[in-house]
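Structure first, commentary second.
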Amino acid sequence: MSATLSQSAHFLDTNLPLFADLPHKVADLSPATVAFGRKEMELALHEMPGLLALREEFGDSQPLAGARIMGSLHMTIQTAVLIETLVELGAEVRWVSCNIFSTQDHAAAATVVGPEGTFDRPAGVSVYAWKGESLAEYWWCTLQALTWPNAEKGQNLILDDGGDATLLVHLGAELEEAGKNANPDDATSDEHRVILETLVAVRAEKGDNFWRPLAAQIRGVSEETTTGVHRLVERAAAGTLRFPGINVNDSVTKSKFDNVYGCRHSLVDAVNRATDTLVSGKKALVVGFGDVGKGSVDSLRGQYARVAIAEVDPICALQACMMGLDVVRIEDVVADIDIFCTATGNFNIIKVEHMLQMKHNAIVCNIGHFDNEIEMAVLEDMVKSGDVEKIEIKPQVHEWKFKNTTHGPKGGGHSIIVLAEGRLVNLGCATGHPSLVMSASFTNQVIAQIELHKDAESYGKTVTTLPKHLDEKVARLHLDKFGAKLTVLSDEQAKYIGVTPAGPYKPEHYRY
Ligand code: NAD
Ligand code: ADE
């Protein structure tokens, strides 16, 4: 945490000036932490053949020269390798995490120091992220990363995961255009209040022409996740999207791999690290049987948990039946389940009325993007009213003790164990998906950034997925790692099925 703090007003509980003018802010830049991060990055790179291949293909031609990328995506070891790939291709980069608990502090430290720097002479990227940020610190970090040292040369691209960076820029510019200031009393949640307070504080310090020029420089965004794409699509439909978006999530090599196989690895990893409880034989309920739900079910079934799912979509429910899963309603089974996991991208899924009926020490977690799948805000209110006690077992693992129920030990109140305070559990209580899976996701991200840098304007203010031949390229780049040998189509065979031998091999409507 070098450099002198600027004199601007301190922001909420951050104890930091709103515009701190710091080159970076991470938890720990000690030599041991940096060395640990760099070593893990080296190991990760070996498992990220897609990123390695892009470095080899584009290292000389520098397709990202002139790109200034602001990234808001979990600051993990895999992300550190992504960041350094963007830099190797010519980009300038600034970064924040997209979740208050998901930063791996050694990854943040190693990224700040960079491949050529040392802990006392960092020469890497400006990262503002640490594990366990408050909400105010989180939005402070986002603001720092969006505020480049020379305002006239701010970011021209955003790489987003969940849409928070895109949201702040849009809200700021819209308020300025409307000649209004934000009103924190309009907030619908604690986090919304912090966002509105951030906008008020920025207005007080910078006036009413800060966000519009900042937004005008941004040529496009590539969005990582289902929930962020949903937000972009809503804006595009409403005509309020200010720049083109590339939907990385819906590349097949992203959502059908990361969301499924990544969660298959990382859900049980998180439950184990957080609780060390036996998963085998336990009754688990996964709510939402989309891509993430499918991976989450596989994760729990891999440990021989007895898994049921809840769904609203008859197609996904039928898929679950064909997998031998019970499809149930949460209210019918709530008192019988040991492990709950939400995976819907929706809100108000596990409510306090459910929690009141749960078994003593039932485990409750969420693997969807935001914490409102579980009614955490209501639970917090119950602490204030004295109906619930919140006991920290360790960071990101809490016992919530209900004082007025009678099915706990000795007929007293029961408890539930909530992981990562209801935020995405695999990144809060474990380290997210493994490198090989993230390699496919991030290869799509780099290709999307190159595409936007080359020709963002040609997309208009729309949300677009990458073409299928690039999706196939991403898959192809990962086959050698598994020793997979592709069969080559003959010209006659290709003609017979209506494709070319070099692909694409499927029509647009094919669903994998
Ligand atoms: P998806 O659309 O494929 O699946 C969500 C499913 O939830 C759908 O099938 C939908 O019908 C169902 N659903 C919606 N409301 C419901 C309700 N009230 N009850 C029961 N089911 C309901 O989305 P996805 O790609 O699986 O993503 C889900 C969430 O996970 C998103 O927020 C996404 O951003 C996030 N995500 C997290 C990670 C991670 O590493 N933790 C990775 C990828 C995506
Ligand atoms: N999302 C899920 N797992 C991740 C990881 N390891 N790094 C970055 N984003 C992720």
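Put in order of Cβ neighbour count within 10 Å, fewest first, the listed residues T405, T198 become T405, T198. Among the trypsin sites (Lys or Arg not before Pro) in the stretch 171-219, those located in a DSSP loop and surrounded by at most 14 other Cβ atoms within 10 Å of their own Cβ are K180. Put simply, the C-alpha atoms of the stretch 364-433 give a gyration tensor, and the ellipsoid matching it has half-axes of 24, 13, 10 Å, longest first.
Taking the square roots of five times each eigenvalue of the Cα gyration tensor of the chain, the equivalent ellipsoid has semi-axes of 35, 32, 22 Å, listed largest first. About its Cα centre, the dipole of the chain is roughly 740 debye, where the only charges are +1 on Lys and Arg Cβ and -1 on Asp and Glu Cβ. FRET efficiency for the N209 to D185 pair, using the beta carbon distance and R₀ = 30 Å, is estimated at 0.75. Simple rule: put +1 on each Lys or Arg Cβ and -1 on each Asp or Glu Cβ in the stretch 164-254, find the dipole, and look at A201, G172, S251; the Cα lying farthest toward the positive end is S251. By the beta-carbon count within 10 Å of each Cβ, the least crowded to most crowded order of F58, F340, fewest first, is F58, F340. Counting beta carbons within 10 Å around each of C341, C321, C98 and listing the fewest first gives the order C321, C98, C341.
Within the same chain, aspartates and glutamates fewer than 8 places from K485 are excluded, and of the rest, those with a Cα less than 15 Å from its Cα are E472. Note on E57 and K410: with the Förster distance fixed at 60 Å, the Cβ-Cβ geometry gives a FRET efficiency of about 0.35. Using C-alpha pairs under 8 Å with a sequence gap of at least 6, the mean separation divided by the residue count of the chain gives a relative contact order of 14 percent. Computed 3J(HN,Hα) for the stretch 157-163, one whole-Hz value per residue from the Karplus formula 6.51 cos²θ - 1.76 cosθ + 1.60 where θ = phi - 60°, is 9, 10, 10, 10, 9, x, x, glycine and proline marked x. Qualifying GluC sites (Glu not before Pro) in the stretch 442-512, where qualification requires a DSSP coil assignment and no more than 10 other C-beta atoms within 10 Å, comprise E508.
Rg/Rh, computed from the Cα trace of the stretch 119-186 with Rh as the Kirkwood radius, has the value 1.02. Each of A237, V287, A145 was placed along the dipole of the chain (beta-carbon charges, centred on the mean Cα), and the one lying farthest toward the positive end is V287.
None of the figures in this text is laboratory data; all of them are computed from the coordinates on show. This one's a predicted model, so the numbers in the text were calculated from it and none came from an experiment. A quick note on method: Cβ atoms are made from the backbone with ideal geometry, for glycine too, and the neighbour counts reach across all protein chains shown.
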